[in-house]
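The values are calculated or read from the model by the stated rules, or taken from the named source; none is laboratory data. Just so you know, these numbers come straight off a predicted model, no measurement behind them. Glycine gets a Cβ as well: all are built from the backbone with ideal geometry, and neighbour counts include every protein chain shown.
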């Protein structure tokens, strides 16, 4: 699907609280009454890239500037590019990266950026060292599992209704209720 069509499709999904995130159908109370964050501007995306020292996938910037500043997409929704700084550890892509992921000495790969949470300390990240921005699932501190999908394909799969939790995390065990998330 051409990128602008994908952005339009994601915008449609993001504006429907029942379909806004991958977890919305499993946990509908999660988004009840919560509005979609408004889009940000291109300057915020440029500032984030400058702070981190590398470029993010173009599609991600378009989603932030044309759909909303996070809160939609796979898992519990994409992290935003900028958030009202309640603390230095606000869940914005540059804050999360600079305060936890930028430490290559610790063993975290450079340019691997957490992009969304799935719950139970499971995350998805974008490998920004590649032009396609490969998706890597983070199953623990340094337990990294490449999915084989680019960021664009991953978002396309989500927009097409693919259950990414089932596809990418189903072997992680049951939830506290004894059923798969």
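Being buried (at least 21 other Cβ atoms within 10 Å of the Cβ) and either at pLDDT below 85 or part of a loop (DSSP other than H, G, I, E, B) (or both) is the filter here, so list the residues in the stretch 112-135 that pass it.
Correct list: 128, 133.
Please list, ordered by residue number, the helices (runs of 4 or more DSSP H) wholly in the stretch 1-105 having 2 or more residues that are at pLDDT 95 or above and over 18 Å from residue 156 (Cα atoms). Walk me through how you get there before you give the answer.
Values: elements: 3-14, 42-52, 58-66, 93-96.
Correct list: 42-52.
Can you name the number of the only condition in (1) in contact with a helix residue (DSSP H, G or I) (Cβ under 8 Å, 6 or more places away or on another chain); (2) touching a residue at least 40 places away in the same chain (Cβ under 8 Å) that residue 41 fails?
(2)
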